[in-house]
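Encoded as structure tokens, the structure appears first; notes follow it.
The values are calculated or read from the model by the stated rules, or taken from the named source; none is laboratory data. Everything quoted here is computed from the prediction, not taken from an experiment. Note: ideal-geometry Cβ built from the backbone for every residue, glycine included; neighbour counts use all protein chains shown. Ligands, DNA and RNA are stripped out before the accessible areas are found, and what is left, the full protein with its side chains, is counted by its heavy atoms. Shrake-Rupley method; radii C 1.70, N 1.55, O 1.52, S 1.80 Å.
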Amino acid sequence: MNEIIKIDLVEVKNDQLVTDSRKVAESFGKEHKNVIASIREILAADFSATRFFYETTFDNRGKEYPMYFMNRDGFSLLVMGFNGKNALAWKLKYIAAFNTMEERWNSPEQVMARALKMADNAIRSLTTKSKQQEQIINELKPKADYVDTILQNKGLVT
């Protein structure tokens with residue numbers, strides 16, 4: 001097991017470490033349609049497993065086909081039933097890849113980068129809201145000025 005771990009087995013999607021059903025099928029020498037069927041069996045057996053899998057599609061020659069992203073728990077659920085000569089080796093490689101990516105993901109640099117991104121998004125959101133509020137004030141100012149003018153009329157009985 002001294003092979004270099006292929007980190008491309010695991011990737012970051014929507015701030016989560018995942019792999020996909022196509023990579024699993026290729027790595028374990030299975031047909032993708034059978035991997036999809038296994039995932040759907042898991043989902044049908046226990047609805048709570050939906051938090052481990054995300055269904056999407058991929059394009060092949062202009063046609064859309066189903067595919068699943070899965071986190072570490074989804075991967076573990078799926079491959080527990082796989083067996084064969086290379087299954088154990090691939091399971092260990094995936095576990096190592098998840099662990100390596102998780103270490104990188106939780107490194108101080110990555111944590112800081114995500115925190116800065118969240119702060120930047122918050123600032124953009126507040127700036128947008130501030131501009132919207134400024135626009136509403138500008139729209140209402142002439143109305144407020146008109147009401148003030150009417151109310152300051154000495155001859156007006158309120």
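Cross-link check: pairs K63/K117; K30/K63; K13/K93 evaluated at a Cα-Cα cut-off of 28 Å; pairs beyond the cut-off: K63/K117. The aspartates and glutamates whose alpha-carbon is closer than 18 Å to the alpha-carbon of K33, local same-chain residues fewer than 8 away aside, are D20, E41, E55, D59, E64.
Over the chain, Cα pairs under 8 Å with separation of 6+ residues give a relative contact order of 22 percent. Simple point charges give the picture: +1 on the Cβ of Lys and Arg, -1 on the Cβ of Asp and Glu, and for the chain a dipole about the Cα centre of about 120 debye. Accessible area ranking (1.4 Å probe, heavy atoms, ligands and nucleic acids excluded), largest first, for I123, I150: I123, I150.
The Cα-based radius of gyration of the stretch 92-158, divided by its Kirkwood radius, gives an Rg/Rh of 1.59. Solvent exposure of the chain amounts to 74 Å² per residue of accessible area, where only protein heavy atoms count and the probe is 1.4 Å. Choose one of S38, Y94, N106: the residue whose Cα lies farthest towards the positive end of the charge dipole of the chain (beta-carbon charges +1 Lys, Arg; -1 Asp, Glu; about the Cα centre). Among S38, Y94, N106, the one farthest towards the positive end of the dipole of the chain is S38.
State the extension gain, in nm to one decimal, for the chain segment bounded by Y65 and R124, taking 0.36 nm per residue of separation less the distance between their alpha-carbons.
Values: separation 59, 0.36 × 59 = 21.24 nm, distance 3.64 nm.
Roughly 17.6 nm would be gained on extension.
Once volume of the Cα convex hull per residue in Å³ is calculated for the structure shown, the corresponding label among [x] 121; [y] 223; [z] 149 turns out to be [y].
Leaving ligands, DNA and RNA out of it, report the carbon-plus-sulfur percent of the accessible area of the stretch 36-138 at a 1.4 Å probe. Mind dumping the intermediate values first?
Details: 4110 of 7310 Å².
On the stretch 36-138, the fraction of accessible area on carbon and sulfur atoms equals 56 percent.
Each label point is 7 Å from the Cα along the Cα-to-Cβ direction; what then is the distance between the points at Q110 and A44, in nm? Computed distance between label sites Q110 and A44 equals 3.6 nm. Shown are R61, R40, R72, whose ranking by accessible area with a 1.4 Å probe and every protein chain present, most to least, is R61, R40, R72. The alpha-carbon of K143 sits under 20 angstrom from the alpha-carbons of these lysines, leaving out residues fewer than 8 places away in its chain: K131, K154.
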